[in-house]
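Trainee: Please read through the structure below; I'll follow up with questions.
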Amino acid sequence: MTSFGQSPDGHEARLYTLENSNGFRAEITDYGGIIVRLFARDRKGRLGDVVLGFDTLAGYVAQSPYFGCIIGRVGNRIANGQFTLNGQTYTLAKNNRPGGIPCHLHGGMRGFDKVWWDAEPFTNADGGGLRLRYQSKDGEEGYPGNLDVSVTYLVTGDDALRIDYEAQTDRATPVNLTNHSYFNLAGEGAPPVLGHALTLNASAYTPVNAGLIPRGEITPVENTPFDFRAPHTIGDRIDRPHEQLRFAGGYDHNFALDARDGAPAIAATVLEPQSGRLLEVLTTEPGVQFYSGNFLTGMLAGKNGHVYPRRGGFCLETQHFPDSPNQPDFPPVILQPGATLHSTTVYRFSTR
Ligand code: GLA
């Protein structure tokens, strides 16, 4: 464990290294539970950092577009920053306005990406782990109930980073947790990810309105630029004159994953042909938000002096569907007192 710098309010951030015997390694800080670096081998065995981010805590505190962090209490958007639960209407911060339409995004002004987590490193037979805990107070960011959250990162022997989420509450509340890593499998700082070949195990997606809020339908991807059931490069169809791509400036959509049975199952695979790096994403979640980094503007000075261009990284945010608290036909996200939320996502690396 090393220091990752001090926040403006004098809090010392810590950086933990989790690794296995192959040299696969993750560096994670207790501020926002952020994956700061993730080193995976290419076809020639060279390690490269495949996630976007900043060299120091200051970058994350100042201006991060959610690089690498834990997202909660409710990931993605809630229409108009409002939902009703058990007859009571809750009003949340409207901290985002795509298309000029205000909404709540990623848990609010100070979501789980901006809080300090209690960190407990451990090692087991697989490799290194880090258990992060946070208690979100009743009323925090407008949500009901005291919520105890635990997020466990584990580096395993097969070059995977496994993330186990758990949560318990003392009042019914919506909960939808994810991680917001931006990947570039050619290495952070490499040109846009348009040449990465993506496969998504999803026959349907949830189209959005101009404010990037799901319209409510779960629509087949067949014959659309959203059909990634066979591999397509991210860039192949991204600039087609399609209303959905226009609203988001590219991909920024939730895909409804096929065939879930409770165990982590393959949601996505991504191959970067030059390096040969292959990322497989497995999850127990019903959905994945595929975001092609359209809002990166080429303005952020990231790690190693790299300026990240538009679409310089992609996210695969495993989760329940966006705006679920307002969408009766989506899988429910309400956690009840006495119940425990369990969710697992695995980011596994290999080469081709
Ligand atoms: C998610 C959203 C995007 C964007 C990013 C963060 O992926 O769906 O619209 O807000 O987070 O910039």
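Trainee: Which one of the conditions (1) under 22 Å from V151 (Cα atoms); (2) out of contact with any Pro (no Cβ under 6 Å at 6 or more places or on another chain); (3) not acidic (D, E) does H320 fail to meet, given that it meets all the rest?
Mentor: So the condition that H320 fails would be (2).
Trainee: While we're looking at this one, here's another question. Taking the range 176-204, which residues are open to solvent by 10 Å² or more (accessible area, probe 1.4 Å), farther than 22 Å from R310 by Cα and assigned to a strand (DSSP E or B)?
Mentor: The answer is S203, A204.
Trainee: Could you tell me how many of the residues in the range 110-134 are under 21 Å from the mean Cα position of the chain (by Cα), surrounded by 15 or more Cβ atoms within 10 Å (Cβ to Cβ) and not in a strand (DSSP E or B)?
Mentor: Residues flagged as under 21 Å from the mean Cα position of the chain (by Cα), surrounded by 15 or more Cβ atoms within 10 Å (Cβ to Cβ) and not in a strand (DSSP E or B) within the range 110-134 amount to 6.
Trainee: Follow-up. Taking G45 as the residue in question, decide whether it is assigned to a loop (DSSP other than H, G, I, E, B), more than 16 Å from the ligand (Cβ to nearest atom), without any contact (Cβ under 8 Å) to a residue 60 or more places away in the chain and among the small types (G, A, S).
Mentor: Criteria met by G45.
Trainee: Let me ask something else. So which residues in the range 142-163 are open to solvent by 40 Å² or more (accessible area, probe 1.4 Å) and in contact with a strand residue (DSSP E or B) (Cβ under 9 Å, 6 or more places away or on another chain)? Talk me through it step by step, then tell me what you get.
Mentor: Here is the first cut: in the range 142-163, the ones open to solvent by 40 Å² or more (accessible area, probe 1.4 Å) are 146, 148, 157-158, 162.
Hits for the range 142-163 are N146, D148, D158, R162.
Trainee: Does S292 satisfy the criteria of being open to solvent by 10 Å² or more (accessible area, probe 1.4 Å), within 19 Å of the chain's Cα centre (by Cα), closer than 18 Å to P214 by Cα and in contact (Cβ under 8 Å) with a residue 60 or more places away in the chain?
Mentor: Judged against the criteria, S292 is not a match.
Trainee: Kindly check whether there is at least one residue in the range 96-112 that is away from the ligand (no atom under 16 Å from the Cβ) and in contact with a Gly (Cβ under 7 Å, 6 or more places away or on another chain).
Mentor: Within the range 96-112, none of the residues are away from the ligand (no atom under 16 Å from the Cβ) and in contact with a Gly (Cβ under 7 Å, 6 or more places away or on another chain).
Trainee: Okay, moving on. Could you run through the range 1-51 and say how many residues are more than 17 Å from the chain's Cα centre (by Cα), of a type in the set (S, T, N, Q) and open to solvent by less than 40 Å² (accessible area, probe 1.4 Å)?
Mentor: Residues flagged as more than 17 Å from the chain's Cα centre (by Cα), of a type in the set (S, T, N, Q) and open to solvent by less than 40 Å² (accessible area, probe 1.4 Å) within the range 1-51 amount to 2.
Trainee: How many residues, within the range 135-157, are touching a residue at least 60 places away in the same chain (Cβ under 8 Å) and assigned to a strand (DSSP E or B)?
Mentor: Of the residues in that region, 8 qualify.
Trainee: Restricting to the range 211-225, count the residues that are outside any loop (DSSP other than H, G, I, E, B), open to solvent by less than 80 Å² (accessible area, probe 1.4 Å) and without any contact (Cβ under 8 Å) to a residue 24 or more places away in the chain.
Mentor: The qualifying residues number 1.
Trainee: From the list T91, T17, T29, T56, exactly one residue is without any contact (Cβ under 8 Å) to a residue 40 or more places away in the chain and more than 15 Å from the ligand (Cβ to nearest atom). Which is it?
Mentor: None of the others qualify; the one that does is T29.
Trainee: Out of the strands (runs of 3 or more DSSP E) lying entirely within the range 52-109, which hold 1 or more residues that are open to solvent by less than 60 Å² (accessible area, probe 1.4 Å), among the aromatic types (F, W, Y) and farther than 30 Å from G305 by Cβ?
Mentor: By residue number, 82-85, 88-91.
Trainee: Which members of the range 307-350 meet the condition of being within 13 Å of the ligand (Cβ to nearest atom) and of a type in the set (D, E, K, R)?
Mentor: R310, R311, E317, D323
For every residue, the table says whether it meets (1) within 16 Å of the ligand (Cβ to nearest atom); (2) open to solvent by 10 Å² or more (accessible area, probe 1.4 Å).
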site: F247; (1), (2): yes, yes
site: A256; (1), (2): yes, yes
site: A259; (1), (2): no, yes
site: A267; (1), (2): yes, no
site: S275; (1), (2): no, yes
site: E280; (1), (2): no, yes
site: T284; (1), (2): no, yes
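The values are calculated or read from the model by the stated rules, or taken from the named source; none is laboratory data. Here the structure is a predicted model, which is why all the values come from computation and not from measurement. Cβ atoms come from the backbone with ideal geometry, glycine included; neighbour counts cover every protein chain shown. In case anyone asks, the SASA skips ligands and DNA or RNA and just uses the protein heavy atoms, side chains included. Shrake-Rupley method; radii C 1.70, N 1.55, O 1.52, S 1.80 Å.
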